[in-house]
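S.K.: Handing you a structure now.
The values are calculated or read from the model by the stated rules, or taken from the named source; none is laboratory data. In this text the structure is predicted, and so the values were computed from the model without any measurement. Cβ placement follows ideal geometry from the backbone for every residue including glycine, while neighbour counts extend to all protein chains displayed. Keep in mind that these areas ignore ligands, DNA and RNA; they rest on the heavy atoms of the full protein, side chains included. Shrake-Rupley method; radii C 1.70, N 1.55, O 1.52, S 1.80 Å.
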Amino acid sequence: MATSNGGKIGDIPTDAMTLNRFVMEEQMKHPGASGSLTLLLSSLCTACKATEAAVRKAGIAQLYGIAGDTNSTGDEQKKLDVLANELFVNLLKSSYQTCAMVSEENEKMIE
């Protein structure tokens, strides 16, 4: 189905500007850019999406409540806090764009 009304079918846009699309378009304006920031932002975006999906399913997946441990500041860790921390740490590490991270949920620096 071809669109002739500016990237919309009905009231639904079919040519949406996403964060990844915006960042990639901006990177293309800078020929000397290495892509490191783009990779880092893409990993952050993915971690946010994964965390959002987990929060939506928290009741069904029994992710509410206390995880049974304390974080580096002495607060009781919540199950969603632990899950979000793991998602962000793992996705940022796998981007290979970080050399070290710190988190309230971890006692030591994450390398």
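S.K.: When the residues of the range 36-83 are narrowed to those that are outside any helix (DSSP H, G or I) and among the polar types (S, T, N, Q), which ends up modelled with the lowest pLDDT?
M.R.: Gln62
S.K.: Which residues, counting only those in the range 48-66, are open to solvent by 50 Å² or more (accessible area, probe 1.4 Å) and closer than 22 Å to Val102 by Cα?
M.R.: Hits for the range 48-66 are Cys48, Lys49, Glu52, Ile66.
S.K.: Just to be sure, is Gln97 within 27 Å of Ile110 (Cβ to Cβ) and either assigned to a helix (DSSP H, G or I) or open to solvent by less than 70 Å² (accessible area, probe 1.4 Å) (or both)?
M.R.: Taking the combined requirement at face value, the residue satisfies it.
S.K.: Additional query: Restricting attention to the range 70-84, which residues are closer than 15 Å to Lys108 by Cβ, open to solvent by 60 Å² or more (accessible area, probe 1.4 Å) and in contact (Cβ under 8 Å) with a residue 12 or more places away in the chain?
M.R.: Residue satisfying the conditions is Thr73 alone.
S.K.: Can you name every residue in the range 19-47 that is open to solvent by less than 70 Å² (accessible area, probe 1.4 Å) and within 30 Å of Lys79 (Cβ to Cβ)?
M.R.: Asn20, Leu40, Leu41, Ser42, Ser43, Leu44, Cys45, Thr46, Ala47 - these are the residues of the range 19-47 that are open to solvent by less than 70 Å² (accessible area, probe 1.4 Å) and within 30 Å of Lys79 (Cβ to Cβ).
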